[in-house]
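K.L.:
One structure coming up, written as structure tokens, with questions to follow.
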Amino acid sequence: MLANLCEKRGEKRWKNYDKVRVLLFSGIVDEITIIKDVGYKTLRVIMWCVPRSISTAIAKCFSFVDNTEVWFEPYCLAFFQDFMLKNMGVPLPRSYDDFKLEAFFTQMGAMLKGTPMEHLFTPEKIDGSLFIRDGVTRQLDDPSEKPIFIKDMAYGITGYLDLLPKKETGFKHTFLLRDPERMFPSWRNLLMAQMAQMPTPGQKPIDPDTFDMTTDVPFMMPGYTYKCQYDLWKHVKENLDPNPVVIDVDELLSNPAEMLPKYFEACGMPWDAKYLQWEGAPDIVKKWRCLFPMSGTKADDIVGVTHKNALESSAFRASKPKIPRSEMTPDTIKAIDATVDYYKEMAETRIKL
């Protein structure tokens, strides 16, 4: 495989080769000579998602791809800090040059002293370089020979498309779709759990019978996040890559042995069947780049509400049957009907068997 031909000092790299010919002398492979090496670039991939699209399990899968650094929702987590602090009267600057990290920690320590969130905003618990979007982008714009896989929510970059990594960095933008009829029933349950765990000031009690995900979620984004993904997809097509990769997660889950290799190929990555299974223990996530490093801190309690099953996954499993529309809540149906056209248009360009 090309991955084996591209080893250097025991470290596999993703490289792009045109047709490669190998000379074998006397039946003994003492040395492999690449006759035509047209150069290579280090592959960098961003997977832009909607919520509840099994994207964290996919990120865990990529954690076991040789020499790959996984980034966990850098723009999405920066979005939530921006939203939360703005509501607290602490607007964050757009430029990282104007973000004084030490002064920020001092200010937040005083404001949150004695509250449940006091433990979150300390230098030991946060990667301050990822706190605002511009800080994320500056690191991604920095040349690196290390392959990077980023899984993120498309709404995290909405309104900040100028802060996408530069075209010259070579990032391959990919889009993970999910049928709204599968996504919204799951997301509604998650939103209620998250809002109950970390209520915002003035939030009314969470009641499953009356909760309305279209009006009760203070951080809800345009098109219930589907429009954010659609608008980003259009922007990428028009400005960065006319053929971004699109894949439907439920098709991937129902046939990973055929769909995952197609995704790897579309991204220019070497495929190995071993990537269909991985270690179930969640220890690998400690290596992920994340605003709240996943290393046993209290931040993991928040992450666990959303991602516990994914972090303990070891393979892809087929999706459960859809919930009948007759059993869905009115707000769920409203969100589905408002977003299905975004999904369908993007799905026309998806990877197919």
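K.L.:
Where residues in the range 283-339 are more than 14 Å from Trp187 (Cβ to Cβ) and of a type in the set (S, T, N, Q), which of them is modelled with the lowest pLDDT?
P.N.:
Filtering first and then ranking leaves Thr297.
K.L.:
Here's a check for you: in the range 209-243, which residue that is among the acidic types (Asp, Glu) and surrounded by 14 or more Cβ atoms within 10 Å (Cβ to Cβ) is farthest from Leu191 (Cα to Cα)?
P.N.:
Asp241
K.L.:
Within the range 70-110, track down each residue that is touching a helix residue (DSSP H, G or I) at 6+ places or on another chain (Cβ under 8 Å), of a type in the set (Ser, Thr, Tyr) and either closer than 16 Å to Thr122 by Cα or in contact (Cβ under 8 Å) with a residue 40 or more places away in the chain (or both).
P.N.:
Tyr75, Tyr96
K.L.:
Moving to a separate point now. Got a sec? Which of Trp233, Trp278 is within 23 Å of Glu345 (Cβ to Cβ), among the aromatic types (Phe, Trp, Tyr) and touching a Ser or Thr at 6+ places or on another chain (Cβ under 9 Å)?
P.N.:
The conditions single out Trp233.
K.L.:
Considering (1) at pLDDT 95 or above; (2) assigned to a helix (DSSP H, G or I); (3) touching a helix residue (DSSP H, G or I) at 6+ places or on another chain (Cβ under 9 Å), say which one Ile351 fails and leave the rest.
P.N.:
The failed condition is (2).
K.L.:
In the range 98-139, which residue that is under 22 Å from the mean Cα position of the chain (by Cα) and not in a helix (DSSP H, G or I) is nearest to Leu161 (Cα to Cα)?
P.N.:
Result: Ile132.
K.L.:
Being part of a helix (DSSP H, G or I) and in contact with a Ser or Thr (Cβ under 8 Å, 6 or more places away or on another chain) is the filter here; which residues of the range 319-337 pass it?
P.N.:
Residues satisfying the conditions are Asp331, Lys334, Ala335.
K.L.:
Test of understanding: among Ala257, Ala281, which residue is in contact (Cβ under 8 Å) with a residue 24 or more places away in the chain and more than 27 Å from Pro165 (Cα to Cα)?
P.N.:
Ala281
K.L.:
Identify, from the list Val22, Val38, the residue that is touching a Leu at 6+ places or on another chain (Cβ under 9 Å) and either at pLDDT below 50 or of a type in the set (Gly, Ala, Ser) (or both).
P.N.:
Step by step, each of Val22, Val38 is checked, and only Val22 is touching a Leu at 6+ places or on another chain (Cβ under 9 Å) and either at pLDDT below 50 or of a type in the set (Gly, Ala, Ser) (or both).
K.L.:
Also, I was wondering about something else. Just to be sure before I move on: is Asp162 farther than 24 Å from Ala103 by Cα, without any contact (Cβ under 8 Å) to a residue 40 or more places away in the chain and part of a helix (DSSP H, G or I) in the structure I sent?
P.N.:
When the stated conditions are applied, Asp162 passes them.
Residue by residue, here is whether (1) assigned to a loop (DSSP other than H, G, I, E, B); (2) over 28 Å from Arg133 (Cα atoms) holds:
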residue: Pro201; (1), (2): yes, no
residue: Thr214; (1), (2): yes, no
residue: Val217; (1), (2): yes, no
residue: Ile247; (1), (2): no, no
residue: Ala257; (1), (2): no, yes
residue: Leu260; (1), (2): no, yes
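K.L.:
Only one residue in Arg188, Arg182, Arg178 is more than 19 Å from the chain's Cα centre (by Cα), buried (at least 19 other Cβ atoms within 10 Å of the Cβ) and under 26 Å from Tyr343 (Cα atoms), so which one is that?
P.N.:
Arg188
The values are calculated or read from the model by the stated rules, or taken from the named source; none is laboratory data. Computed from a predicted structure; not experimentally measured. So basically every Cβ, Gly included, is an ideal-geometry build from the backbone, and we count neighbours across all protein chains shown.
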